[in-house]
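Chemist: My questions all concern the structure below.
The values are calculated or read from the model by the stated rules, or taken from the named source; none is laboratory data. All figures in this text were calculated on a predicted structure; none of them were measured in a lab. Positions of Cβ are generated from backbone atoms using ideal geometry, with glycine treated the same way; all protein chains shown enter the neighbour counts. Protein only, heavy atoms only, side chains kept; ligands, DNA and RNA dropped before computing areas. Shrake-Rupley method; radii C 1.70, N 1.55, O 1.52, S 1.80 Å.
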Amino acid sequence: MSVLRVSVAILFFVCVAVAQKKCQMKPDQFPSYPPPANTTIEWFDINLDLAPADRWTEVVTAKRDAIENMLDTFLSIIPKAVIGPLLSLIDKEEASVIARMPLPYRDELTGIAKATGIDVGKIFIYNIFYELFGACTSVVSEDTNKHVIHARNLDFGLFMGWDFHNHTWALAEALKLTLFNARFVSNGQTAFKTTQYAGYIGLLTGVKEKGFSFTVNTRFDTNFDKYVIEWFMGRYSGNWLTWLLRDIMTTNTTYTQALSVLSSAPLIGPAYVAVGGWNDLEGAIVTREAERAIDVWDLKQAQGNQSYFVLQTNYDHWTKMPFFDDRVTAAVDCMQNHITASGITKATMFNMLSSRPNLNRLTTYTTLMCVETGELESYLQACDDPTCPFW
């Protein structure tokens with residue numbers, strides 16, 4: 001019976017996803033902006049002048065129960081045949097695995113484990129699982145006054161515990177409870193801002209004032225897990241992407257510098273990274289293989305095609321979107337035919353990302369960023385409509 005229910009649910013939501021190929025933004029159905037106060041995400045400071053082991057103590061102590069609940073949810077859903085060997089390997093080779101983690105992230109993870117009492121192996125798995133399982137929408141757009149806005153939805157938890165009563169994904173809901181915004185502070189000044197899941201130290205969404213902004217989307221290719229395995233076996237030393245983005249935020253100051261490092265540094269897995277700037281036409285989608293960037297699609301190219309934005313979900317932008325997950329067609333319809341370059345504002349970007357199918361049952365939050373001012377606004381998301389897509 002449970003298999004039949006799952007099959008019927010999947011069939012229904014696939015049909016819904018296939019049907020939503022046009023912009024769902026309607027004047028009488030726009031979410032209000034700014035959204036209700038109960039959707040705002042709290043702020044914490046991450047003091048980079050502290051010892052790495054102590055930087056996250058305040059936030060992970062405050063959110064310890066949420067972190068533990070999220071990890072329990074995740075580990076209970078992943079088949080033991082998959083997660084068991086990985087946990088055993090980390091437990092058996094813990095010293096060598098930790099030794100291969102780059103500084104300061106090694107010390108930050110062990111500090112989080114100590115502060116929460118959660119095994120460091122579980123904390124490490126948590127910190128790499130977005131690179132294996134995530135999904136998202138990112139868009140960098142420029143209005144007619146040459147102001148760049150970078151926006152994203154972060155979706156996570158597909159096939160991670162479907163709740164038939166509430167029509168939600170268990171892992172996505174557990175992750176929402178860990179959310180916070182971070183101000184990374186150095187010498188008493190804000191160095192950059194991010195939206196984080198507590199206990200997760202990498203950068204998935206962030207902005208550096210008068211510098212650049214990043215959002216990460218998962219990409220799947222034929223070498224999807226090859227280099228992860230190689231890294232665990234000690235045979236590959238590429239970068240974990242979200243830690244590399246922290247490095248770039250910390251050490252680079254310009255859009256051009258950030259784009260150059262991101263395009264060339266070796267990674268452990270494939271990815272899409274949207275990069276925003278604050279000068280005219282500074283915005284790009286970088287499509288990465290582990291070894292190199294295979295495509296950089298920027299606002300200059302978009303302008304040449306009479307467009308004013310670059311938009312990325314989880315499929316190469318030059319290919320046809322799959323029928324079962326075409327968030328791109330609806331989003332492009334919204335951008336080109338409903339918003340237009342003269343209508344680009346934080347409100348219209350929020351409304352586009354709050355319309356189906358870009359808003360779906362995996363969406364945990366929406367973020368709006370402006371590099372020129374250093375603004376970062378993030379809001380909890382939920383999709384309660386019966387026609388809301390499965391993913």
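Chemist: Checking the condition surrounded by fewer than 18 Cβ atoms within 10 Å (Cβ to Cβ), outside any strand (DSSP E or B), in contact with a Pro (Cβ under 9 Å, 6 or more places away or on another chain) and touching a residue at least 40 places away in the same chain (Cβ under 8 Å), which residue from Ala330, Ala347 passes?
Modeler: Working: Ala330 fails: surrounded by fewer than 18 Cβ atoms within 10 Å (Cβ to Cβ).
Unique residue meeting the criteria: Ala347.
Chemist: Then there's this: Can you pull out the residues in region 118-130 that are in contact (Cβ under 8 Å) with a residue 40 or more places away in the chain and open to solvent by 50 Å² or more (accessible area, probe 1.4 Å)?
Modeler: Passing the criteria: only Lys122.
Chemist: The conditions are (1) in contact with a strand residue (DSSP E or B) (Cβ under 8 Å, 6 or more places away or on another chain); (2) among the polar types (S, T, N, Q); (3) on the phi > 0 side of the Ramachandran plot, and Thr340 fails exactly one of them. Which is it?
Modeler: (1)
Chemist: Is it the case that Leu103 is touching a strand residue (DSSP E or B) at 6+ places or on another chain (Cβ under 7 Å), aliphatic (A, V, I, L, M) and either under 26 Å from Lys208 (Cα atoms) or modelled with pLDDT of 95 or more (or both)? Full working, then the answer.
Modeler: Details: touching a strand residue (DSSP E or B) at 6+ places or on another chain (Cβ under 7 Å): no; aliphatic (A, V, I, L, M): yes; either under 26 Å from Lys208 (Cα atoms) or modelled with pLDDT of 95 or more (or both): yes.
So Leu103 fails the test.
Chemist: Moving on to the next point. Quickly run through region 187-230 and pick out the residues that are closer than 30 Å to Ala95 by Cβ and surrounded by fewer than 20 Cβ atoms within 10 Å (Cβ to Cβ).
Modeler: Once the filter is applied, which keeps residues that are closer than 30 Å to Ala95 by Cβ and surrounded by fewer than 20 Cβ atoms within 10 Å (Cβ to Cβ), region 187-230 yields Asn223, Phe224, Asp225, Lys226, Ile229, Glu230.
Chemist: Filter region 279-288 for residues that are surrounded by fewer than 23 Cβ atoms within 10 Å (Cβ to Cβ), assigned to a loop (DSSP other than H, G, I, E, B) and not polar (S, T, N, Q) and give the result.
Modeler: Asp280, Leu281
Chemist: For region 300-310, does any single residue satisfy the condition of being among the polar types (S, T, N, Q) and closer than 29 Å to Lys176 by Cβ?
Modeler: No, because not a single residue in region 300-310 is among the polar types (S, T, N, Q) and closer than 29 Å to Lys176 by Cβ.
Chemist: Check off (1) under 21 Å from Leu103 (Cβ atoms); (2) open to solvent by 10 Å² or more (accessible area, probe 1.4 Å); (3) of a type outside the set (D, E, K, R) for Met233 and give me the number that stays unchecked.
Modeler: (1)
Chemist: What are the residues in region 52-80 that are of a type in the set (A, V, I, L, M) and either modelled with pLDDT under 95 or surrounded by 15 or more Cβ atoms within 10 Å (Cβ to Cβ) (or both), if any? It would help to see each step written out before you state the result.
Modeler: Here is the first cut: in region 52-80, the ones of a type in the set (A, V, I, L, M) are 53, 59-60, 62, 66-67, 70-71, 75, 77-78.
Ala53, Val59, Val60, Ala66, Ile67, Met70, Leu71, Leu75, Ile77, Ile78, listed by residue number.
Chemist: For region 233-260, give me each residue that is more than 19 Å from Pro104 (Cα to Cα) and not in a loop (DSSP other than H, G, I, E, B).
Modeler: Tyr255, Thr256, Gln257, Ala258, Leu259, Ser260
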